[in-house]
Amino acid sequence: ERADAMQTVESHIVELGGIFNKLAVMVNEQREMVDRIDENVDDANENINSSLSVLTNTLNSLRSNKMLGVKVFSILIIFIIFFVTFLA
């Protein structure tokens, strides 16, 4: 009876060892997936930073174009006032 109990314990230990081996394989597979996710997050972060830079440059360009429009409009108004005042 004691030998049967020892065989049962031994079989459970072997089964437990198999479960731990399967668990180690699953963890190793998940590590590769986590590494890929980490790389994708890094790529996304770089893309976001470059997008922010492009949007900032575009905003600055639009602001300077607005000032250019205001300057051109002011010059046109000055020419119209000059034309009406001195040539009409």
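Are there any GluC sites (Glu not before Pro) in the stretch 1-82 that are in a DSSP loop and have at most 12 other Cβ atoms within 10 Å? List them by number. The partial results should precede the final answer.
Working: sites: GLU1, GLU10, GLU15, GLU29, GLU32, GLU39, GLU46; in loops: GLU1.
Taking the stretch 1-82 and a limit of 12 other Cβ atoms within 10 Å, the loop GluC sites (Glu not before Pro) found are GLU1.
With N as its number of residues, the chain has a Cα radius of gyration that, divided by 2.2 N^0.38 Å, comes to 3.12. Only one residue of SER74, GLY17, ASN45 has its Cα farthest out toward the positive end of the dipole of the chain, where Lys and Arg carry +1 and Asp and Glu -1 on Cβ, and that residue is SER74.
Where a number appears in this text, it was derived from the coordinates with a stated rule and is not lab data. What you are looking at is a predicted structure, and each value in this text was computed from that prediction instead of being measured. We place every Cβ from the backbone using ideal geometry, glycine too, and count neighbours over all the protein chains shown.
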